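Accompanying notes for the structure given below.
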Amino acid sequence: MKISIIIPVYNAESYIETCLDSILLQSYKDYEVWIINDGSSDMSGEICDGYANRHRNFNVIHNSNHGVSFSRNLGISKSKGEYLLFVDSDDYINEDTLKILNDSTLNHRSDIVIFGFQYDIIDEDRILINLPEREFNGSTKLFMTDAFLDLHRLEFLNPPWNKLIKKSLITENDIHFNEDFSICEDMSFNMELLYHSKDITVLRESLYHYVIKSFGSLVFKFHDNYYEAMSYYFELTKKLFENNEVSDRYFIYIDDFFLSKSKSFLKKVYRQSNLRFFEKYRYLEKVCKDEYFLTSIKTSTNRDFEHIYIKSTLKVGLYWPLHIMYVIYTIYKNLR
């Protein structure tokens with residue numbers, strides 16, 4: 001078996017058939033499918049069973065609800081393919097996706113193949129194609145200096161589903177999706193893949209359809225352990241940088257990235273969480289005392305008002321001015 005496709009499913013009855021049909025239409029046929037039904041309460045399980053009954057290379061596992069990371073890890077453990085491809089149940093792939101990816105493995109034998117994708121924006125009846133700026137094939141060390149930053153900025157290193165991954169890279173290095181987090185776990189997974197990989201290929205082709213209702217619908221709910229998840233990702237990324245001996249600008253870049261995400265999280269604490277007034281202050285204090293946050297504040301090249309205000313108040317060890325700033329920000333946003 002060459003390629004194993006892993007699909008976590010949760011209450012996906014409205015779109016799972018589009019996803020599975022896109023796999024059946026593949027021009028390349030040496031693949032298997034592992035569908036992990038993660039405790040769906042709709043007809044998703046029955047629909048998936050129907051495909052498994054009609055197609056010998058389709059497999060379904062029914063579980064109680066454990067989350068997407070558990071489902072992906074289970075799919076990895078069950079898979080028999082040399083390469084793995086993750087597909088989300090509300091998305092789909094092109095008819096020639098597997099053929100193009102297989103051809104790439106025959107030509108290069110890379111540990112990871114990264115490819116472009118497109119947003120299918122339903123409400124606006126349009127597509128937005130996201131392609132890497134250029135193709136790449138070579139060692140991970142060369143990838144870090146030639147391609148990493150551009151791909152990171154364009155979000156190619158965030159999801160797991162725009163990559164074909166050699167299974168041995170995962171199993172031999174005990175890489176898995178962190179089940180302690182329900183946010184950023186895919187980004188951390190990708191950093192671990194890069195850390196242990198030897199060779200990488202980047203294809204300048206759109207092979208995956210990421211389906212969204214509208215860009216306005218991309219509202220991310222509050223996760224109380226988001227900061228911990230981001231810190232874990234930040235730690236893995238710095239480890240990757242150190243392993244490949246990249247220049248200082250990479251560390252400055254990731255510090256800026258981490259700081260931006262941290263500030264966004266603090267705004268969510270004040271606007272979207274159900275925490276009480278003083279609990280929000282305690283959360284703010286916890287973040288502002290964190291080593292990663294303090295390092296990012298010091299090294300960041302950002303010079304906007306929020307950054308300057310945070311930096312100046314932390315210098316004198318004050319948190320109440322920041323607390324008041326975020327309270328005012330919340331009131332202002334709620335009045336708009």
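Of all the criteria given as (1) under 12 Å from I7 (Cα atoms); (2) in contact with a Lys or Arg (Cβ under 6 Å, 6 or more places away or on another chain), the one not satisfied by D30 is (1). Across the stretch 30-50, the qualifying residues are those that are among the hydrophobic types (A, V, I, L, M, F, W, C) and more than 26 Å from the chain's Cα centre (by Cα), and the one among them that is nearest to D96 (Cα to Cα) is I47. Residue check: G75 meets all listed conditions (1) surrounded by fewer than 20 Cβ atoms within 10 Å (Cβ to Cβ); (2) outside any loop (DSSP other than H, G, I, E, B); (3) over 16 Å from the mean Cα position of the chain (by Cα) but one, namely (1). The number of residues in the stretch 97-118 that are more than 18 Å from the chain's Cα centre (by Cα) and not in a helix (DSSP H, G or I) comes to 3.
Go through K263, K280 for me and flag whichever is basic (K, R), surrounded by 12 or more Cβ atoms within 10 Å (Cβ to Cβ), part of a helix (DSSP H, G or I) and over 25 Å from the mean Cα position of the chain (by Cα).
Details: K263 fails: over 25 Å from the mean Cα position of the chain (by Cα).
Checking each option against the conditions leaves just K280.
Put simply, of K311, K333, K238 the only residue that is at pLDDT 85 or above, basic (K, R) and assigned to a helix (DSSP H, G or I) is K238. The number of residues in the stretch 203-219 that are surrounded by fewer than 20 Cβ atoms within 10 Å (Cβ to Cβ), among the hydrophobic types (A, V, I, L, M, F, W, C) and at pLDDT 95 or above comes to 1.
Pick from E135, E155: which is surrounded by fewer than 18 Cβ atoms within 10 Å (Cβ to Cβ) and within 14 Å of L203 (Cβ to Cβ)?
Values: E155 fails: within 14 Å of L203 (Cβ to Cβ).
Going through E135, E155 in turn, just one is surrounded by fewer than 18 Cβ atoms within 10 Å (Cβ to Cβ) and within 14 Å of L203 (Cβ to Cβ): E135.
Here I200 meets the list (1) out of contact with any Leu (no Cβ under 8 Å at 6 or more places or on another chain); (2) surrounded by 21 or more Cβ atoms within 10 Å (Cβ to Cβ) almost entirely, failing just condition (1). In the stretch 151-165, the count of residues that are more than 30 Å from Y226 (Cα to Cα) and assigned by TED's automatic domain parsing to the domain that holds I36 is zero.
Within the stretch 126-164, the set of residues being touching a Phe, Trp or Tyr at 6+ places or on another chain (Cβ under 6 Å) and either among the hydroxyl-bearing types (S, T, Y) or farther than 19 Å from S104 by Cβ (or both) comprises L128 only. Checked against (1) surrounded by 18 or more Cβ atoms within 10 Å (Cβ to Cβ); (2) closer than 28 Å to E17 by Cβ, F148 passes all but a single condition, namely (2). Residues that are crowded, with 18+ Cβ neighbours inside 10 Å and charged (D, E, K, R) were ranked within the stretch 18-38; the one that is nearest to I165 (Cα to Cα) is E32.
Taken over the stretch 258-274, the criterion of being touching a residue at least 40 places away in the same chain (Cβ under 8 Å) and either of a type outside the set (S, T, N, Q) or assigned by TED's automatic domain parsing to the domain that holds M187 (or both) is satisfied by L259, K263, L266, K267, K268, V269, Y270, R271.
The values are calculated or read from the model by the stated rules, or taken from the named source; none is laboratory data. Just so we're clear, the structure is a prediction, and the values are computed from it rather than from any experiment. Because the Cβ atoms are built from the backbone with ideal geometry, glycine has one as well, and the counts that use them run over all protein chains shown.
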